[in-house]
Amino acid sequence: MPTTALIVIDVQEEYFSGLLPIAFPRREESLRRITQAMDHATASGVPVIVVRHNGEPGEGTFDPGGATWALRPEVAERPYDALVDKALPGSFTGTPLAEMLAERGVDHLTICGYMTNVCCDTTARQALHRGLGATILADATGVPDMPDIEGGVVPAADLQRAALAPLALMGVEVATVGAWVDSLVPPTS
């Protein structure tokens, strides 16, 4: 049976009151499911690793000196095993994540957080490239509406579906928090 870690990516104020508000699933709904996954992971002995994005100081999004850089209190105030700071979309790039996972004997990542189509996607692909398994919790991730290349807008719900489809095709398991929680602790009869 794989040894998994829950990777909680970029659950920062930027996605709530900043320039990139999560639109699908709704912010409050996805945040509730993220914290549910964190609570069940902790109760089940699954390591929880929180990842925080650091932008360039003074350049707008994820500015380490700005108010929108902070982790959401719902995440920051919960128990977690490690905090990883990153500067690029992939949680492995330029970070000690691989070493942390190896020290814990982890061979599978369960991913939640923001944005599904950028940092969660990149981290899941990096996991596969490293020979690790990956699961993405579709209802505990999210995306904003995004501009398309022709000046229009890609609705967040469409973007979420389009981000998850290729991950599933390449072997990333796409699950709900409920199904993942059920796999951690067998139901009592």
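Observations
- 3J(HN,Hα) along the range 112-122: 9, x, 10, 7, 3, 7, 10, 6, 5, 4, 4 Hz, from the Karplus curve 6.51 cos²θ - 1.76 cosθ + 1.60 with θ = phi - 60°, whole Hz, x for Gly and Pro.
- Using θ = phi - 60° in the Karplus curve 6.51 cos²θ - 1.76 cosθ + 1.60, the 3J(HN,Hα) couplings for the range 92-104 round to 8, 6, x, 10, x, 4, 4, 5, 4, 5, 4, 4, 9 Hz; x is entered for Gly and Pro.
- Lys/Arg +1, Asp/Glu -1 at C-beta; the chain dipole; positive extreme among Ala156, Thr95, Thr135: Thr135
- Residues with amide H under 5 Å from that of Arg78, placed H, sequence gap 5 or more: none
- Charge dipole (the chain, unit charges on Cβ, about Cα centre) - positive-most of Gln12, Cys112, Phe62: Cys112
- For Ile136, the residues 5 or more places off, or on other chains, whose built amide H falls under 5 Å of its own are Ile111, Glu173, Val174, Ala175.
- DSSP-loop GluC sites (Glu not before Pro) across the range 82-174, with at most 14 other Cβ within 10 angstrom: Glu150
- Under the shape rule built on the C-alpha gyration tensor, where the axes satisfy a ≥ b ≥ c, the range 1-116 is oblate, since a/c reaches at least 1.5 while a/b does not exceed b/c.
- Share antiparallel - DSSP beta bridges, the chain, percent rounded to 5: 15 percent
- Relative contact order %, the chain, counting alpha carbon pairs below 8 Å whose residues are six or more apart: 26 percent
- In the range 81-159, trypsin sites (Lys or Arg not before Pro) in a DSSP loop with at most 16 other beta-carbon atoms within 10 Å: Arg104, Arg130
- Charge dipole (Cα centre; +1 on Lys/Arg Cβ, -1 on Asp/Glu Cβ; no other charges) of the range 1-151 amounts to roughly 420 debye.
- Looking at the range 100-189 alone, DSSP beta bridges between its own residues are antiparallel in about 20 percent of cases.
We did not get these values from a lab; they are worked out from the coordinates using the rules stated. Every value quoted in this text rests on a predicted model; they were computed, and no experiment measured them. Backbone-built Cβ (ideal geometry, glycine too); neighbour counts: all protein chains shown.
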